[in-house]
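Please read the structure below before turning to the comments.
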Amino acid sequence: MGALCGVLLVGCSSGSDSGQDSGAGAGNETGIASVASPDAKDGKDGKDGKASSGGTGTQQKKGTMIGIDLDTAEVAAIEDAWRACLISNGAKTYRKGGQEIPDQLSREPASAYKACEAKEPYVDPVLDPDANPRYAEQTKTWMACMNRNGIEVSRSGDSEFFNYGKIDPKLEAEPDGISKVTSKCYTESYKW
């Protein structure tokens, strides 16, 4: 889950730049993050073809689910595998920081994205407000947990964006401190 903080929220980056919200509202440079919803669902988690644990009976997107229990390295590995697949299948790319990055906005050529759809990351549907009927309540619980544990998080009304403020210096100094708190709060707050 700690990885989700990089993918979903806080600035504990997975070290990879997907060029788009990789389903979880990747923390952006403005300090605001978003949780995006998965789409086109098929009932499998993408890893082993089994239906994911929990759930409300809604089907899930094809690809590889980024579960709330994954750490930063695991999320980075999922994202990196997808990008490598796209590049090897001829996806349109651009250069950023000396790296070739797939142009996910164009999704060209479609054949590259089709060839790699089993590796495309998507966020655990428990973080989808349309799939999880308790999402709003659980998000309030998550924000309270984050604030209680040294990461200031707020949100305006029903906005999908979160604002991050002060972070306890002890967390910033501890290896994976932010990731550990974020993981703890996700797993305690979001449940089917």
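Could you give me the ³J(HN,Hα) list for the range 68-75, computed from phi with Karplus coefficients 6.51, -1.76, 1.60 and θ = phi - 60°, whole Hz, x at Gly and Pro?
Taking θ as phi minus 60°, the curve returns 6, 9, 7, 8, 4, 5, 5, 5 Hz for the range 68-75.
Using θ = phi - 60° and the Karplus curve 6.51 cos²θ - 1.76 cosθ + 1.60, what whole-Hz ³J(HN,Hα) does each residue of the range 132-147 get, with Gly and Pro shown as x?
With coefficients 6.51, -1.76 and 1.60, one gets 9, x, 9, 4, 4, 5, 5, 5, 4, 4, 4, 4, 4, 4, 4, 4 Hz.
Amide H neighbours of VAL153 under 5 Å, at least 5 residues apart or on other chains, H built in the peptide plane: list them.
ASN147, GLY165
Can you run phi through the Karplus equation (6.51, -1.76, 1.60; θ = phi - 60°) for the range 162-173 and list ³J(HN,Hα) in whole Hz, with x for Gly and Pro?
Karplus values, whole Hz, x for Gly and Pro: 10, 10, 9, x, 5, 10, 3, x, 5, 5, 5, 7.
Amide H to amide H under 5 Å from THR64: which residues, 5+ apart in sequence or cross-chain, H placed 1.01 Å off N in plane?
GLU120, TYR122
Taken together, the values in this text are just the output of simple stated rules run on the coordinates, not laboratory data. Predicted model, so just to flag it, every value in this text is computed and none were measured.
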